[in-house]
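Undergrad: Before we start, here is the structure in question, set down as structure tokens.
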Amino acid sequence: MEESTSREKILKKVRDALIEKTEPPFPIIDQDSSVYKEITEQLDVTFAEALVKVAGKFVYCESEDEFIGNLKSFILEKDWGLLYCSDFNIQSLLKNGGIPFAGAEDQITDSRIGITGCEYLIARLGSVMISSRLAPGRKLMVYPEVHLVLGYSSQLVPDLKHALANIKRKYKDNYPSMISMITGPSRTADIEKTLVMGAHGPRELFVFLIDNTSSNS
């Protein structure tokens with residue numbers, strides 16, 4: 001009986017609140033203005049600075065030819081071994097540049113280094129937006145020890161909201177099954193609060209940015 005009475009008291013308060021509505025205590029809330037300061041630097045500079053802060057590496061390339069040259073130098077210098085790539089567009093660049101690569105699905109687990117494209121590059125965060133629509137889906141973001149990302153300056157956006165809006169326009173009602181963000185190399189400090197790199201994925205992240213918006217492109 002006492003429980004029923006308490007329940008009725010609560011329901012009566014809810015009914016009274018619905019009947020006698022009160023004005024919100026904070027009626028003037030700006031929902032449209034950004035909580036961030038406006039980006040004043042060029043987007044590529046902002047992205048590079050943010051990426052470096054989260055232990056990523058940034059390589060600027062004025063053209064696809066320069067990208068090939070830089071990639072060759074990196075592979076030789078760091079002794080990374082055979083590059084894995086299943087993206088047909090990037091494969092074409094590698095073939096034209098004379099860079100050998102593995103592309104068979106069963107070779108991905110044996111590759112120390114892999115390269116993918118991206119959906120967008122979020123300048124403020126230094127983050128790479130990827131999706132399951134990118135070859136080879138989710139796999140290459142996890143297996144290789146070193147993850148190389150090839151992006152273009154036309155894929156740079158100021159903030160996450162711009163990237164999400166572009167994804168919506170790009171795929172309309174046929175969204176990828178996975179949209180994710182990569183912010184620096186994989187890391188964790190769950191064990192004894194000691195930072196460990198490469199715990200759940202690549203221990204190194206390189207972003208090669210090709211300028212395809214300049215007048216010289």
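Undergrad: For every helix of n ≥ 4 consecutive DSSP H residues, a contribution of -39,500 (n - 2.57) applies; sum these over the chain, divide by its total residues, and give [θ] at 222 nm rounded to the nearest 500 deg cm²/dmol.
TA: The helix contribution divided over the chain gives -9500 deg cm²/dmol.
Undergrad: Could you work out the relative contact order of region 81-185? I mean the mean sequence separation of Cα pairs under 8 Å and 6+ apart, divided by the number of residues, in percent.
TA: Answer for region 81-185 is 29 percent.
Undergrad: While we're looking at this one, here's another question. Under a point-charge model restricted to the Cβ atoms of Lys and Arg (+1) and Asp and Glu (-1), what is the dipole moment magnitude of region 39-210 relative to its Cα centre, in debye to the nearest 20?
TA: 540 debye
Undergrad: Run the dipole for region 100-161 about the Cα centre, Lys and Arg Cβ at +1, Asp and Glu Cβ at -1, nothing else charged, and hand back the magnitude in debye, nearest 20.
TA: Taking the Cα centre of region 100-161 as origin, the dipole is about 240 debye.
Undergrad: Contact order normalised by length for the chain, with contacts defined as Cα pairs under 8 Å and 6 or more residues apart; what percent is it?
TA: Computed over the chain, the figure is 24 percent.
Undergrad: For a 32 Å ceiling on Cα separation, which of these pairs sit above it: 139/168; 21/170; 37/95?
TA: Beyond 32 Å between Cα atoms: 21/170; 37/95.
Undergrad: Could you tell me the largest-minus-smallest coordinate of the C-alpha atoms of region 39-210 on each of the three principal axes, in descending order and whole angstroms?
TA: 45, 38, 34
Undergrad: Also, I was wondering about something else. How much net charge surrounds residue 115 when only other residues with a Cβ under 14 Å from its Cβ are counted (Lys, Arg +1; Asp, Glu -1)?
TA: Counting the neighbours of residue 115, the net charge comes to +2.
Undergrad: If you don't mind, another one. Can you give the longest run of the chain that contains no trypsin sites (Lys or Arg not before Pro) sitting in a DSSP loop with at most 12 other Cβ atoms inside 10 Å?
TA: Maximal segment without exposed cleavage sites: 38-171.
Undergrad: Write out the GluC sites (Glu not before Pro) in region 23-115 meeting two conditions: DSSP loop, and at most 14 other Cβ atoms within 10 Å of their Cβ.
TA: 38, 41, 62
Undergrad: Quick check: the angle from helix 43-53's long axis to the longest principal axis of the chain, C-alpha only, nearest 10 degrees?
TA: 90 degrees
Undergrad: Going toward the positive end of the dipole of the chain, with +1 on Lys and Arg Cβ and -1 on Asp and Glu Cβ, which of 29, 60, 102 do you reach last?
TA: Value: 29.
Rule-based calculations on the coordinates, nothing more; no lab input. Note that the structure is predicted; figures quoted are calculated from it, not measured. All Cβ positions, glycine included, derive from the backbone under ideal geometry; neighbour counts span all protein chains shown.
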